[in-house]
Ligand SMILES: Nc1ncnc2c1ncn2[C@@H]1O[C@H](COP(=O)(O)OP(=O)(O)OP(=O)(O)O)[C@@H](O)[C@H]1O
Ligand code: SF4
Ligand SMILES: [Mg+2]
């Protein structure tokens, strides 16, 4: 197991290195001058030139990449003398648009996105798997029909429609839940406020994903119910309830976990619509804003972060799979 | 020999989109302690449907079942066709067990062998966990799994095909049932392993004084282990009799066809003679003999009844009966000539 983790971690580190190099290269060869993007309308040639040197854009690309990498581990100081400023390790660069170290920006937005994704994940797993079980258990009866109506509605409604509908009706019209203008509170400071802040975004995301999980769970359960080993269990005299909730459900668990892990990873990088509708200052919105504003250091950092999350989640999923499925050997 | 199972006039049909499939159409047979009764027939003839009926394993809404299946639950006879779900569940794995064709897919991939075996004991003896595991190891030992205590902690994928079929047999015997149904138990295995499994089944039959209902399409297997044989075609038994009668003096044209299609080492290296044509569709079976479209002996039938009436299961001997309009005496003579030719 340890050997497996070690090997996969090494592999992950190499992948991340390659991804970061590629992303870095893409941004370095874009046909515009990154230094001229560092100040607004009232820019002078002198400021641009000074910034070019301060941010290292005058150096060859490979030196810039090296500086970027070493910044992650050692922190980075820009410029010299009294005009110098520094971003401590791990430094992912400096955003001139925001006048802030990228790491600090990530540090602010990451908890929001993670809270959003984790809450939504829990919700859609409960809802999706629950509905899938009900649908499979009562195949072709009214609970199954009901759940397929839900699936149909939820998959055909785009998230911005459900999100906006929830926002308009629940918050603005009925005042059930206050508009989350007062900002984000950590779950550790005030769990109640935390939940109120996130409940509508959670529901928005959960509905969209739950539909997929309902369909997947139902199909996987029904397929498993037709397996020979289920017939064997029945032939032993095992009751229908145990056949369903032990033998069948157990077989569906491993693929479900995989799906959940990968969907979760995807969300960390891309809950842009939900974050925008509910005005959540998370990673998705940070990425969106930085792309609009050509805030290259931030784009670079969020892209690499998304890649890291996907790689790490893959690692976790593989490990979980090995635990859940005895046929998968990890060596 | 005490009788353990008596199937009488069993009909099983399935409603499908294309129509009603009459998979089993009036099957009757018996099984007694200590004997092996084979059901042979081509694919789709209704062998598995028959055996699943005995286990009560057909889905309630899907299959329409009539007739009677009287089964001995350690001396007490019960009619499987008319039992409630709970009553059938109580019989399964205890009075009657079944092993299946594909040992690769018949074991749950995620549970340890020992636990899968123990579960079969626990459902009928709730709470006796220790005894269940001890029994599991004992049974694994009995079916010839080396180091059974260690192997009980392993998963199915760590066993070879033959070993898995042994595990399936051990699982079937957990509660010492009197009836064992084996549906193509060796079809998925290598020839050498096949022989071992058949020998094991014969040995266990004696030890447990069981009756085995052996389902197969392989006449070689039948010759090795069966005492009596039922030949099935299109959901009906077309010939039944002691194994020697079936092989040396068959009476149904279909049985003869099966015998001629058995691969054998012959001097002149003759090609295998598979029965030409296909079994009929079980939806809207034609009136007349279901075998008529493929039968070479139609012209010997006096009143051309082959295409208009179904032959009954009849015989001059009470133990050897067959379905055919051609007079039995004429058939014996015709078939004897063909069999001689085959031997030459
Ligand atoms: N659940 C079902 N619904 C509809 N038709 C079925 C069902 N189960 C079996 N049948 C049909 O009943 C017929 C007999 O099937 P059965 O499985 O008993 O054949 P078999 O003799 O066991 O053949 P094989 O040697 O291929 O196992 C087939 O035509 C099959 O298609
Ligand atoms: S009844 Fe006629 S068709 Fe049927 S097996 Fe006999 S000879 Fe052939
Ligand atoms: Mg079959």
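The values are calculated or read from the model by the stated rules, or taken from the named source; none is laboratory data. None of the values given here were measured: they were computed from a predicted structure. Reconstructed Cβ throughout: ideal geometry from the backbone, glycine too, with neighbour counts over all protein chains shown.
Could we say that residue B:40 is more than 23 Å from residue B:283 (Cβ to Cβ) and within 13 Å of ligand 3 (Cβ to nearest atom) here?
So residue B:40 fits the description; yes.
Which residue out of B:187, B:192, B:216 is within 14 Å of chain A (Cβ to nearest Cβ) and more than 16 Å from ligand 2 (Cβ to nearest atom)?
Matching residue, one of B:187, B:192, B:216: B:187.
Hey, can you tell me all the residues within the stretch B:80-104 that are in a loop (DSSP other than H, G, I, E, B) and either under 19 Å from residue B:175 (Cα atoms) or at pLDDT 95 or above (or both)?
Passing the criteria: B:93, B:94, B:95, B:100.
Here is a list of conditions, (1) over 21 Å from the mean Cα position of the chain (by Cα); (2) more than 16 Å from ligand 1 (Cβ to nearest atom), and residue B:62 meets all of them except one; can you say which number that is?
Here residue B:62 clears every test but (2).
In this structure, is residue B:139 in contact (Cβ under 8 Å) with a residue 12 or more places away in the chain, out of contact with any strand residue (DSSP E or B) (no Cβ under 8 Å at 6 or more places or on another chain) and surrounded by 23 or more Cβ atoms within 10 Å (Cβ to Cβ)?
Yes: the conditions hold for residue B:139.
Please verify whether the stretch B:94-112 includes one or more residues that are away from every other protein chain (no Cβ under 11 Å) and in contact (Cβ under 8 Å) with a residue 24 or more places away in the chain.
Checked against the condition, which is being away from every other protein chain (no Cβ under 11 Å) and in contact (Cβ under 8 Å) with a residue 24 or more places away in the chain, the stretch B:94-112 yields no hits at all.
Tell me which residues, restricted to the stretch A:286-303, are buried (at least 20 other Cβ atoms within 10 Å of the Cβ) and assigned to a helix (DSSP H, G or I).
Scanning the stretch A:286-303 gives A:286, A:287, A:290, A:296, A:297, A:298, A:299, A:300, A:301, A:302, A:303.
Table: residues versus (1) within 19 Å of residue B:101 (Cβ to Cβ); (2) more than 14 Å from every other protein chain (Cβ to nearest Cβ); (3) surrounded by 19 or more Cβ atoms within 10 Å (Cβ to Cβ).
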site	(1), (2), (3)
B:49	yes, no, yes
B:55	yes, no, yes
B:58	yes, no, no
B:61	no, no, no
B:69	no, yes, yes
B:76	no, yes, no
B:80	no, no, yes
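Yes or no: residue B:29 closer than 17 Å to residue B:68 by Cβ and over 13 Å from the mean Cα position of the chain (by Cα)?
No.
So that you can scan it fast, the table gives a plain yes or no per residue for (1) at pLDDT 95 or above; (2) in a helix (DSSP H, G or I); (3) over 17 Å from residue B:100 (Cα atoms); (4) within 14 Å of chain B (Cβ to nearest Cβ):
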residue	(1), (2), (3), (4)
A:205	no, yes, yes, no
A:215	yes, yes, yes, no
A:219	yes, yes, yes, no
A:230	yes, yes, no, yes
A:235	yes, yes, no, yes
A:244	yes, yes, yes, yes
A:248	yes, yes, yes, yes
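Quick one: is residue A:226 loosely packed, with under 12 Cβ neighbours inside 10 Å, within 14 Å of chain B (Cβ to nearest Cβ) and farther than 30 Å from residue A:115 by Cα?
Answer is yes for this residue.
What number goes with the only condition from (1) within 26 Å of residue B:254 (Cα to Cα); (2) within 16 Å of ligand 3 (Cβ to nearest atom); (3) over 18 Å from the mean Cα position of the chain (by Cα) that residue B:48 does not pass?
(3)
Go through the stretch A:304-331 and give me each residue that's away from every other protein chain (no Cβ under 14 Å) and outside any helix (DSSP H, G or I).
Within the stretch A:304-331, A:330, A:331 meet the criteria.
State whether the residues of the stretch B:14-23 include one that is surrounded by 21 or more Cβ atoms within 10 Å (Cβ to Cβ) and away from ligand 1 (no atom under 11 Å from the Cβ).
no
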